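> Please find one structure pasted underneath; my questions will follow.
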Amino acid sequence: ANPRPIMKGVFIRRALLCDSLSPPPADVMATTPEPATDATSREVVENLTGTGICPDCHAKAINPLGFATENFDALGRPRDVEKMIDLVTGEVYGEAPVDTEVVARVTPDDPRIARDGIELQELMHESGKVQACFARAYFRFTFGRTEQVSKDACVLDVMHQPLKQGQPIKETLRAVALSDDFLQRNFGDK
C-alpha cells in the first residue's frame, strides 16, 4: 500500500508548518502516468514530479517532508523496507529498502538533512514554526475567525509564548482562558 508521500508532505507543510502552497496547474494530470512495477513510492513520486514546473514546489517544499516519513507504511506502522506488489494480482514479488534521507527545507534556506521522520520532527520543532502554527490554529478555533495581525498580535503572542518557551500545551490553553481577549470575545449578535 502506497503511503502517499505527496499527500503527507502537503499536510505537514500546510497543517503543521502553516505554510501556503499554490494549487497545482489545472492540467497537471492531463496524462496519467503508468504505474511503476519495479519502483519504490519515492522513485515513482520523483519521476512523476521531476519534470516541467513540478520541481519548483515538489522538490523544494512537498516531497522531502513526505519522503522523511516513508519509514511508516500507509497504516502508520514502522517499516525498513517497502514491499513491491504486483498491481494486477496483488502478489508481493520483492522488497526495497526505504530511503527517508532528505534535505527537509522546513524553512526555505535550511540545508540540514533529516534521515527520517524523527529527525524531521526535531527540525520542525527547532524552527519554531510548529509552535507558531499551533498558536495560529488555536486562535482560529478559539475565536472562530481568522487572525488579523494588526488587531490580534497581543493575543497571538500570549498563545505563542508558552510554546516558544517549551512549556506544555496546557500552559497555552491556560493563558488563553485567562486572557481578557478570551473572556470578552464576541461571536456576534444573538
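> Mind pulling up the Rg/Rh value for the stretch 132-172? Radius of gyration and Kirkwood radius, both on Cα. Write down the numbers at each step before the final one.
Working: Rg = 9.7 Å, Rh = 10.2 Å.
That ratio equals 0.95.
> Over the heavy atoms of residue 163, what accessible area does a 1.4 Å probe trace out, to the nearest 10 Å²?
Approximately 20 Å² of residue 163 is accessible to the 1.4 Å probe.
> Suppose a student asked you for the relative contact order of the chain, using Cα pairs under 8 Å spaced at least 6 residues apart; what percent would you report?
Working: 230 pairs, mean separation 33.9, N = 190.
18 percent.
> Please report, in Å, the Rg and the Dmax of the chain, where both are computed over Cα atoms only.
20.4, 64
> Here's something else I'd like to know. What ³J(HN,Hα) values, in whole Hz, does the Karplus curve 6.51 cos²θ - 1.76 cosθ + 1.60 give for the stretch 70-81 when θ = phi - 60°, with x put for Gly and Pro?
5, 7, 10, 7, 5, 9, x, 7, x, 8, 10, 10
> List the GluC sites (Glu not before Pro) within the stretch 37-99 that fall in a DSSP loop (any state other than H, G, I, E or B) and whose Cβ has at most 14 other Cβ atoms within 10 Å.
Numbers: sites: 43, 46, 70, 82, 91, 95; in loops: 70, 91.
Loop-located and lightly packed - 91.
> Also: Please identify the cysteines of the chain that lack any partner cysteine with a Cβ under 4.7 Å from their own Cβ.
54, 57, 154
> At 0.890 mPa s and 25 °C, plugging the Kirkwood radius over alpha-carbon pairs of the stretch 65-152 into Stokes-Einstein gives what diffusion coefficient in µm²/s?
Working: Rh = 15.8 Å.
In µm²/s, the coefficient is 155.
> At 1.4 Å probe size, with the rest of the protein present, what percent of the exposed accessible area of the chain is carbon and sulfur atoms? Present the calculation step by step, with values, prior to reporting the outcome.
Working: 6810 of 12260 Å².
Roughly 56 percent, rounded to a whole number.
> Could you tell me which residue out of 10, 24, 162 lies farthest along the dipole of the chain toward its positive end? Charges go on the beta carbon: Lys and Arg +1, Asp and Glu -1, centred on the Cα centre.
My answer, from the dipole projection, is 162.
> Measuring with a 1.4 Å probe in the full set of protein chains, what accessible area per residue, in whole Å², belongs to the stretch 133-190?
Values: 4100 Å² over 58 residues.
Roughly 71 Å² per residue, with all protein chains present.
> Would you mind working out the accessible area per residue for the stretch 39-125, using a 1.4 Å probe, and quoting it in Å²?
On the way: 5080 Å² over 87 residues.
That works out to 58 Å² for each residue.
> Taking the Cα centre of the stretch 16-153 as origin and charging only Cβ (+1 Lys, Arg; -1 Asp, Glu), how large is the dipole, in debye to the nearest 20?
Numbers: 13 positive and 24 negative charges, 182 e Å.
In debye, rounded to 20, the stretch 16-153 gives about 880.
The values are calculated or read from the model by the stated rules, or taken from the named source; none is laboratory data. Note that the structure is a prediction, hence the values are computed from the model and not measured. For neighbour counting, all protein chains shown are included, and Cβ atoms are generated from backbone atoms with ideal geometry for every residue, glycine included. Ligands, DNA and RNA are stripped out before the accessible areas are found, and what is left, the full protein with its side chains, is counted by its heavy atoms. Shrake-Rupley method; radii C 1.70, N 1.55, O 1.52, S 1.80 Å.
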